[in-house]
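Visitor: A single structure is presented below for examination.
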Amino acid sequence: MSLFSRLFRKAPLPAVPPEKPPENFEPPRPAPNGPDRAVVASKEAAELETALETRDAQTIGRLVLEGSSTRIRQQAAQAVQDLAQLRQLIKDVRGGNDKSVYKILTGKRDALLMQARQREQLEAEIAAASTALERHSHRPYDPFFTPTLEQLQTRWNAVAPDAAPDARLKVQEAIDRAREVIAQHLRQIAVEASRELAAANAAAEAQRQRELAEKAAAAAAAERAQLAEAERKAWAEKHEAEAIAFRQIGGLVRKAHSALSEGSTGRAAGLRRAIEEKLPSAPPLPPHLTTSIQLLDKKLEELKDWKSFSVAPKRVELMEEMESLVGATLEPVALADRIKSLQEEWRTLSKGAGENVEADWQRFQEAAQKAYQPCREYFEAQALVRQENLQHRAALLERLSAFEAGHNWEQPDWRTVIVALRESKQEWRAHSPVDRAAGKALQQRFDALSGNLQDRLDAEYARNVKEKQLLVERAQRLVAAEDSRKAIDDAKALQQKWKEVGLTPRDEGQRLWEEFRQHCDAVFQKRQQEYAEHSAGLDANKAKAGAVCAELEKIAGLTGRELLEGAGRIPDLRVAFEEAGELPRGDERSLRTKFERALERCERAVARQEASDAEHSWVDLLDAANRVRAYRAAFAREADESERDVLRQAAEDFIASVNQWPKGGLEAVKKSLAKAEAGDFEANETVLRTLCIRAEILTDVPTPPEDQTLRREYQVQRLIQGMGQGITADEKQLDAMTIEWSGIGPTDDATYLALLERFKRCRQRGLARNA
């Protein structure tokens, strides 16, 4: 019915009374304005301060949800400390309009969770560090004991301030024990060093006394020889003796120079000692021999100095490395090889040293004996193991010989023979190693005995393999038989004979069985092959179609962005269903019905989601307009600048949190926010009421009695302008009114909220009529 006919019909309709709210309906509480709002805010601030002092979590939670201002709700959210309460409050505010409170709550929850995780990690590190120190304090001393203790102490010191007092006491006890181990080791080293030093001093003193005695004896002997020689020889023989001495000394000098040229320092040193022995009894040497001996001494000293410079550090290195092997954790075999290698290097260095290295050799040899002690114990234990293995092998050989002698070979139990052979070989290998010489005879007897049993078994295998090969050939011929019924009966008979044949080697028997079964299966499946292939194809097509339907059902059950993204795959799924191929007759109709229904569900879900997203954007627009209105109203009640800044920031934060805006909505809200003034409250209220009346006329919603006069005036203006044209609810017209609503200036809270509810009711009515 047109507006003209509704206005000018004979009997005007009575005003429709407003809808009666339900019994449990509570009208929205208008936000306090002016002084009342300040009083409420002051009261809530006092409540919050008291709750913080008394740790009243319930009051704080209530203020988070029901605080009259954003500042109170934010301060209350900042005060929540309990993790469980935070989670409950997050659930309560999720989906609401107070995004800043939600962000504060989620941020505090994440911070508390992070603190809990850090505390757990700290406690785990404390436990690990204390356990490591406790375990280390009970270890014997080794070269890595002290560095490991320092590392563990550094690790503990990093977490010790956060550890419990009893844990710190326990760890300190472990550290003291470890330090006592180090001190004990140092005391032991000091005792051993003192003992070795005393022994070395005694040996050096004895050596010095021996050298003095030898020198004294040599001097006395030389003196006696000279006197005797002078008495025995005549003056005539003196010159001949001198010539002989000169020739001998000259020959020794030449040999010594030759030895030096060849690099034999030891031999050259020996020749030089021989020359030295001849000099006391020789007459004064001629100048050329004296010069030659001096040159020899110079070269010999140079070479000795060089060898001492190059060899002595190497001997020290070898001694230190041998001493480091004492108590080493190497495997005994590797340790023995290393000791042997060091000994070989020592002998190589000692050749031609030309100096006394007896003390170094004693030190090196003692370290070698100590380092070799674990190897000696290991090799002795291995000898015992080899002896025990030899005894076990002898007993096993006796049992296997008794088995062969006592078995009934007229009617042999071949499975028992196989088990005996397999287990005897496994047990024989398990009892190793053994001494090669002692175990050689046993190995020969075992090989002969097991070989005899294996020969008997191989002969049985050969007979059975030949018989099964004949059965395989007969089964192969049945595949080409024309009478399939008789071929099936013959195949069953062959299968029965196959069961009666004895054992065969595993691999050979399996190969023959696979071939025999393949021929028998070919006989049995010859008729059913095509039918089976066709059925398999239908089942595969059915599975493909079912999968497509399941995917559509899954998409229909989605919401939000996931639903819209899944809807983009619907054309591909439609093609996949059509390309699935032929379907089983009994399932084709149900599958197609299921597919069509799933498509319809997807289309309805997408339509609902798009409508929901669009309407939610309009709800956000009205909420943003309300926040802007509160900011602009603060100018009318002359609120202080800090409160206006808070209201503006709240509006801007909400605007920034909205992801989707209707066309023109964001621009209208920002334009209204830029007007830092209140305007005329009465004029703004009139414009808002007019918009409500326009929306109510457009959607056939009754207007409250107080605005009936304004509605009639508006209808008369529309009548004059439109000359009675009918008015129908148009979604675009409602959207345009909503954009216009968001740009209107503020009014008082109670009036605005009531008018906003009227306008929202008209939007819902219009959307329902257009659905």
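Visitor: Among Asn541, Cys520, Leu212, flag the residue with its Cα farthest along the positive direction of the charge dipole of the chain, charges on Cβ as +1 for Lys/Arg and -1 for Asp/Glu.
Guide: Of the options given, the answer is Cys520.
Visitor: Quick one: if you stick a label point 7 Å off each Cα along the C-beta vector at Ala395 and Asp521, how many nm between them?
Guide: It works out to 4.9 nm between the two label points.
Visitor: Could you work out, for the stretch 161-240, what percent of all Cα-Cα pairs fall into each 5 Å distance bin, beginning at 0 Å and stopping at the bin that holds the largest distance?
Guide: 3, 12, 7, 8, 7, 6, 7, 5, 6, 5, 5, 5, 4, 4, 3, 3, 3, 2, 2, 2, 1, 0
Visitor: Follow-up. Of all accessible surface on the stretch 109-148 at a 1.4 Å probe, what whole percent is carbon and sulfur?
Guide: Roughly 58 percent of what the probe reaches on the stretch 109-148 is carbon or sulfur.
Visitor: Grab the Cα-Cα distance for Thr559 and Lys91, subtract it from 0.36 nm times how many residues apart they are, and report the gain in nm with one decimal.
Guide: Value of the extension gain: 166.5 nm.
Visitor: Would you indicate which of (i) -0.80, -0.89, -1.20; (ii) -0.27, -0.39, -1.09; (iii) -0.36, -0.50, -0.98 is the value of log10 I(q)/I(0) by the Debye sum over Cα atoms at q = 0.05, 0.06, 0.10 Å⁻¹ derived from the coordinates of this structure?
Guide: The value matching this structure is (i).
Visitor: For Arg574 and Ala674 in the same chain, what is the full-extension length gain: residue separation times 0.36 nm, less their Cα-Cα distance, in nm?
Guide: Here the segment from Arg574 to Ala674 would lengthen by 30.9 nm.
Visitor: Can you give the charge dipole size of the stretch 424-532 about its Cα centre, rounded to the nearest 20 debye, using +1 on the beta carbon of Lys and Arg and -1 on the beta carbon of Asp and Glu?
Guide: 180
Visitor: Provide the per-residue ³J(HN,Hα) series for the stretch 544-555, in order, calculated from phi with Karplus coefficients 6.51, -1.76, 1.60 and θ = phi - 60°, each as a whole number of Hz, with x at glycine and proline positions.
Guide: Calculated HN-Hα couplings, in order: 4, 5, x, 5, 5, 4, 4, 5, 5, 4, 5, 5 Hz.
Visitor: How much accessible area per residue does the chain have, counting only protein heavy atoms and a probe of 1.4 Å, in square angstrom?
Guide: Heavy-atom accessible area per residue stands at 63 Å².
Visitor: On the protein heavy atoms, probe 1.4 angstrom, tell me the percent of accessible surface of the stretch 576-682 carried by carbon and sulfur.
Guide: It is 44 percent, rounded to a whole number.
Visitor: Where the only charges are on Cβ atoms (+1 Lys, Arg; -1 Asp, Glu), what is the dipole of the chain about its Cα centre, to the nearest 20 debye?
Guide: For this selection, approximately 1200 debye.
Visitor: Taking 8 Å as the Cα distance limit and 6 or more residues as the minimum spacing, I'd like the relative contact order of the stretch 115-264 as a percentage.
Guide: 22
Visitor: Take every Cα-Cα pair in the stretch 561-678 and report what % of them are more than 21 Å apart.
Guide: Percent of Cα pairs beyond 21 Å in the stretch 561-678: 59.
Visitor: Which ³J(HN,Hα) values in Hz, rounded to whole numbers, follow from the phi angles of the stretch 267-276 under the Karplus curve 6.51 cos²θ - 1.76 cosθ + 1.60, where θ = phi - 60° and Gly and Pro get x?
Guide: Using θ = phi - 60°, the values come out as 5, 4, 5, x, 5, 5, 5, 5, 5, 4 Hz.
Visitor: Next question, about the same structure. Rounded to a whole number, what % of the accessible area of the stretch 361-489 do carbon and sulfur atoms account for, probe 1.4 Å?
Guide: The computed percentage sits at 50.
Visitor: Going highest first, how would you order 633-640, 221-228 by mean Cβ packing within 10 Å?
Guide: 633-640, 221-228
Visitor: Continuing with the same structure: Which order do peptides 744-752, 545-553, 372-380 fall in by mean Cβ count within 10 Å, highest first?
Guide: Most protected by this proxy first, the peptides run 744-752, 545-553, 372-380.
Visitor: Using Cα pairs closer than 8 Å and at least 6 residues apart in sequence, work out the relative contact order for the chain, in percent.
Guide: Relative contact order of the chain: 12 percent.
Visitor: Let me ask something additional. Could you work out how far apart the two model spin labels at Ala220 and Glu682 are, taking each label as a point 7 Å from the Cα in the direction of the beta carbon, and quote it in nm?
Guide: My value for the distance between the label points is 15.0 nm.
Visitor: Give the Rg/Rh ratio for the stretch 619-771, taking Rg as the radius of gyration of the Cα atoms and Rh as the Kirkwood radius, to two decimals.
Guide: With Rg and the Kirkwood Rh in hand, the quotient comes to 1.00.
The values are calculated or read from the model by the stated rules, or taken from the named source; none is laboratory data. Just so we're clear, the structure is a prediction, and the values are computed from it rather than from any experiment. No Cβ is skipped: glycine too gets one built from the backbone with ideal geometry, and neighbour counts run over all protein chains shown. Ligands, DNA and RNA are excluded from the accessible area calculation, which covers all protein heavy atoms including side chains. Shrake-Rupley method; radii C 1.70, N 1.55, O 1.52, S 1.80 Å.
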